[in-house]
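Reviewing the structure listed below.
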Amino acid sequence: MYKFLFILLLSFSITQEPCEGTCLSEEETQGLFNNIKELQFDLDKSLEINENLEIQIQEYDEYIDDCDENAKLYEEQIKIKEDMIKTIKPKWYHNRYLWFFGGVFFTSSTVYLAGQLD
């Protein structure tokens, strides 16, 4: 688009040797040409930056989705580990002190009762 405008501008400046209104000098034409080049460069840069930002937005969206999925997996792991702890945790009747003192009590009571038989 800008190249077309530049060519159109140059064709008017070349064909308008005998000026019938507003004429542009060589310096003004060169200044307009430089301004058009700068604007074209700025437009290209802004389009490139826009594409880069869109790519970054897509990557961040994917990263957020991955984080959400990982959070769900971690929650499932926590539930599984809680179930494992409930399964592996010893019950009240697996207490060794309970069995020891129970054995001492039953043995002493048996010996006491055996001594009462006379």
Short to long, in 5 Å steps from zero, the percent of alpha-carbon pairs of the range 77-118 per bin is 5, 19, 12, 12, 10, 10, 8, 7, 6, 4, 3, 2, 1
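To one decimal place, what orientation-averaged projected area in nm² is obtained for the convex hull of the Cα set of the range 33-77? Show your work: numbers first, answer last.
Numbers: hull surface 10.6 nm².
Average of the hull's projected areas for the range 33-77 equals 2.7 nm².
Applying a 10 Å radius around every beta-carbon, put 87-96, 69-78, 28-37 in order of their mean neighbour count, most first. The partial results should precede the final answer.
Values: 87-96: 7.8, 69-78: 10.0, 28-37: 12.7.
With the highest mean Cβ count within 10 Å placed first, the list reads 28-37, 69-78, 87-96.
Coordinate-derived values only; no laboratory data. All figures in this text were calculated on a predicted structure; none of them were measured in a lab. Heads up, the Cβs are rebuilt from the backbone with ideal geometry, glycines too, and the neighbour counts pull from every protein chain shown.
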